[in-house]
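Data block below; observations after.
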Amino acid sequence: MTVEQARTKWGRTKWGRTKWGRTKFGTGRTPAMAIALPSGVVLGMAGGLLSVLVGVTASNPALGFWVFTSCLTMPAVALVYVLVVDRNTLEGAAERPDDSIESGWYDKAASGSFADLILVLGIASIILTFIPRDFFVDLKLVLPAVVAVCFASFGVRYLVLRRKG
C-alpha cells in the first residue's frame with residue numbers, strides 16, 4: 001500500500017492536494033477560499049458598520065464605512081482561511097511540521113526567553129522595592145517595555161540558534 005492510498009484509506013486527504021487547499025469539515029471537497037472570501041468580506045463589512053455605529057467615522061460615515069471595510073477585508077479573509085483550511089490538502093505542506101529543525105529552534109528560543117523574562121522581572125521587582133514611595137512609575141511605559149524585552153530576547157535567541165544550525 002502506498003502512502004497516498006493509506007492517507008485516502010484513513011481519511012487524511014480524500015481528494016488530493018491543491019494549491020489553496022480544501023476545508024476541514026463536511027466532505028472536504030469544498031475549496032477553502034470558497035468559504036474564506038465571502039466570509040472575510042462579510043466580516044470586513046461588519047467591521048465597517050461597527051466603526052460607523054461607534055462613531056469613529058462621524059465626519060463622513062459612508063467614506064469611513066468603505067475605508068474600514070477595505071482595510072479589514074483581507075485580514076478577515078486570511079483569518080477565515082487559516083481556520084477552515086485542512087493543511088493536509090495543501091501542496092508542498094510538510095507532513096509533520098512539529099518535527100522540523102525550525103520547530104526545535106522556536107521551542108528553545110521560547111523557553112530561553114521565558115527564563116530571561118523571569119530574570120528581568122525579578123531584578124526589576126527588587127529594584128522597585130528600594131525606590132522611594134514618591135517616585136512614580138507609569139505602567140503605560142513599563143508594560144510595553146516588558147513586551148519589547150520579550151520580543152528582543154526571543155528574536156536574538158532564535159537568530160543565534162538558526163546561525164548555529
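Here region 2-53 is the region considered, the condition is being on the phi > 0 side of the Ramachandran plot and exposed (fewer than 13 other Cβ atoms within 10 Å of the Cβ), and the residue that is modelled with the lowest pLDDT is GLY11. Please verify whether region 104-113 includes one or more residues that are under 23 Å from SER39 (Cα atoms), in contact with a helix residue (DSSP H, G or I) (Cβ under 9 Å, 6 or more places away or on another chain) and part of a helix (DSSP H, G or I). Within region 104-113, not a single residue is under 23 Å from SER39 (Cα atoms), in contact with a helix residue (DSSP H, G or I) (Cβ under 9 Å, 6 or more places away or on another chain) and part of a helix (DSSP H, G or I).
For VAL147, are the conditions met, namely being under 17 Å from the mean Cα position of the chain (by Cα), within 30 Å of ALA46 (Cβ to Cβ), assigned to a helix (DSSP H, G or I) and not assigned by TED's automatic domain parsing to the domain that holds GLY47?
Numbers: under 17 Å from the mean Cα position of the chain (by Cα): yes; within 30 Å of ALA46 (Cβ to Cβ): yes; assigned to a helix (DSSP H, G or I): yes; not assigned by TED's automatic domain parsing to the domain that holds GLY47: yes.
When the stated conditions are applied, VAL147 passes them.
Scanning for something in contact with a Ser or Thr (Cβ under 8 Å, 6 or more places away or on another chain) and modelled with pLDDT of 90 or more, does region 134-149 turn up at least one residue? Checking region 134-149: not a single residue is in contact with a Ser or Thr (Cβ under 8 Å, 6 or more places away or on another chain) and modelled with pLDDT of 90 or more.
The values are calculated or read from the model by the stated rules, or taken from the named source; none is laboratory data. Worth saying up front: this structure is predicted, and the values here are computed from it rather than measured. FYI the Cβ positions are ideal-geometry reconstructions off the backbone, even for glycines, and counts take in every protein chain you see.
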